[in-house]
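Report on the structure given below.
The values are calculated or read from the model by the stated rules, or taken from the named source; none is laboratory data. This structure is a prediction, so every number in the text was calculated from the model and none was measured. Using ideal geometry, Cβ is built from the backbone for each residue, glycine included, and neighbour counts are taken over all protein chains shown. What goes into the accessible areas is simple: the full protein's heavy atoms, side chains included, and nothing from ligands, DNA or RNA. Shrake-Rupley method; radii C 1.70, N 1.55, O 1.52, S 1.80 Å.
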Amino acid sequence: MKFRSKIIDKRILSNDTIVLVLEKGSISFKAGQYIVLSFPNEKEAREYSVYSGENEPNLEILLKTLPEGSFSMRLGDLNVGDPILIDGPFGYFVMKPDEILSKPHVFVASGTGISPFRSYIQTYPQMHYSLLHGIRTVNDRIEPENYDPHKLKYCISREESVYFNGRVTDYLIKYKISQEAIYHLCGNSAMINDVTNILEASGIKPENIRTEVFF
Ligand SMILES: Cc1cc2nc3c(=O)[nH]c(=O)nc-3n(C[C@H](O)[C@H](O)[C@H](O)COP(=O)(O)OP(=O)(O)OC[C@H]3O[C@@H](n4cnc5c(N)ncnc54)[C@H](O)[C@@H]3O)c2cc1C
């Protein structure tokens, strides 16, 4: 279902990361799905995972603006009140209802790949989860106040800090991999391939590894 929405708020998190708050209209989505955005009267469109929870009054997306990209910079330049077309929701990166509360979940994200996990956690706050977030610097942390600090592990690859120094793959190799958990991976394809290989080599069954590739 395609409809005309508008920007109702904008949270600028850093020089290249923004949360856009969009009018939800009558859209109903499952946490983990994405929407397709386009500008009025234009054909070009891009996919964005929904960052907000299923029951929140607005629709939020987490946007990284890429100077080399044709779409994300323009999206990031939109102001409150500007129109935007929303199509969707689409996608199958949703949690299985019978597993949400009965299984432990490990969420592994790189960069903006944290977006569907934020939606899961907002929607199902009682679930048993841990979230590994791979970012380059401490300043790349994205709204940490949304997560229980005991469940959120930062893997910081480009600077020393109080957090784990290295990539999510280094973290998984160093610490014990739970055999009971369902693994959900989201972000760039290199990370997803590397993490999948590590998990499978540790005995995790392919059906317990769920993935969403952004690029
Ligand atoms: C299912 C799905 C969900 C997505 N959800 C999000 C989301 O929640 N937030 C978001 O910012 N983007 C998301 N993306 C990516 C988004 O659709 C666009 O590709 C992105 O905004 C870049 O568009 P662009 O035209 O500016 O640059 P393009 O010319 O399309 O891309 C330029 C290059 O930037 C890199 N790139 C693309 N996206 C990212 C990113 N998010 N972070 C770092 N590098 C990137 C790629 O290497 C790409 O080749 C998602 C993509 C898919 C397929």
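A quick yes/no check of all residues on (1) of a type in the set (F, W, Y); (2) not assigned by TED's automatic domain parsing to the domain that holds L152:
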{"position": "F29", "(1), (2)": "yes, yes"}
{"position": "A45", "(1), (2)": "no, yes"}
{"position": "S49", "(1), (2)": "no, yes"}
{"position": "G53", "(1), (2)": "no, yes"}
{"position": "P104", "(1), (2)": "no, no"}
{"position": "F117", "(1), (2)": "yes, no"}
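Mind listing just one residue for me: the one in the range 68-81 that is modelled with pLDDT of 95 or more and open to solvent by 50 Å² or more (accessible area, probe 1.4 Å) and, of those, nearest to the ligand (Cβ to nearest atom)? Give the steps one after another, and end with the answer.
Kept after step one, since they are modelled with pLDDT of 95 or more, are these residues of the range 68-81: 71-81.
Imposing the further condition that a residue be open to solvent by 50 Å² or more (accessible area, probe 1.4 Å) reduces the set to 73-74, 77, 79-80.
Working: M73: 6, R74: 8, D77: 12, N79: 18, V80: 19 Å.
Once the filter is applied, the top-ranked residue is M73.
Of the strands (runs of 3 or more DSSP E) lying entirely inside the range 126-215, those containing at least 3 residues that are within 16 Å of the ligand (Cβ to nearest atom) and within 17 Å of the chain's Cα centre (by Cα) are 129-135, 182-187, 209-213.
Against the list (1) open to solvent by less than 30 Å² (accessible area, probe 1.4 Å); (2) in contact with a helix residue (DSSP H, G or I) (Cβ under 6 Å, 6 or more places away or on another chain), the condition F29 fails is (2). Contact list please: Cβ distance under 6 Å, first residue in the range 58-77 and touching a residue at least 40 places away in the same chain (Cβ under 8 Å), second residue open to solvent by 70 Å² or more (accessible area, probe 1.4 Å), pairs at least six apart or on different chains. From the range 58-77, the pairs are T65/M73. So in the range 107-141, with the set limited to residues that are crowded, with 24+ Cβ neighbours inside 10 Å and of a type in the set (G, A, S), which one is nearest to K30 (Cα to Cα)? Across the range 107-141, the extreme among qualifying residues is S119.
What residue, among those in the range 55-67 that are among the charged types (D, E, K, R) and within 13 Å of the ligand (Cβ to nearest atom), is least open to solvent (accessible area, probe 1.4 Å)? Step through it out loud before you land on a result.
Narrowing the range 55-67 to residues among the charged types (D, E, K, R): 56, 60, 64.
Adding the requirement that they be within 13 Å of the ligand (Cβ to nearest atom) leaves 60, 64.
Values: E60: 18, K64: 87 Å².
Per the stated criteria, the residue is E60.
Determine whether D170 is touching a residue at least 12 places away in the same chain (Cβ under 8 Å), of a type in the set (D, E, K, R) and in contact with a Lys or Arg (Cβ under 9 Å, 6 or more places away or on another chain). The answer is no for D170.
I'm checking my understanding of the structure. Among residues of the range 64-84 that are polar (S, T, N, Q) and within 20 Å of the chain's Cα centre (by Cα), which one is nearest to R4 (Cα to Cα)? Step through it out loud before you land on a result.
As a first pass, look at the range 64-84 and keep what is polar (S, T, N, Q): 65, 70, 72, 79.
When the remaining residues are screened for being within 20 Å of the chain's Cα centre (by Cα), the result is 65, 72.
Numbers: T65: 22, S72: 18 Å.
Within the range 64-84, the match that is nearest to R4 (Cα to Cα) is S72.
Scanning the range 1-33 for residues that are among the small types (G, A, S), in contact with a Pro (Cβ under 9 Å, 6 or more places away or on another chain) and part of a strand (DSSP E or B) returns a single hit, S5. Looking at P97, P149, P104, P89, just one residue is closer than 22 Å to I27 by Cα, surrounded by fewer than 15 Cβ atoms within 10 Å (Cβ to Cβ) and of a type outside the set (S, T, Y), and that residue is P97.
Within the range 38-54, identify whether any single residue is open to solvent by 40 Å² or more (accessible area, probe 1.4 Å), within 21 Å of E143 (Cα to Cα) and either within 16 Å of the ligand (Cβ to nearest atom) or within 14 Å of the chain's Cα centre (by Cα) (or both), and answer yes or no. No, the range 38-54 contains no residue that is open to solvent by 40 Å² or more (accessible area, probe 1.4 Å), within 21 Å of E143 (Cα to Cα) and either within 16 Å of the ligand (Cβ to nearest atom) or within 14 Å of the chain's Cα centre (by Cα) (or both). The single residue among I12, I18 that is within 14 Å of E143 (Cα to Cα) and open to solvent by 70 Å² or more (accessible area, probe 1.4 Å) turns out to be I12.
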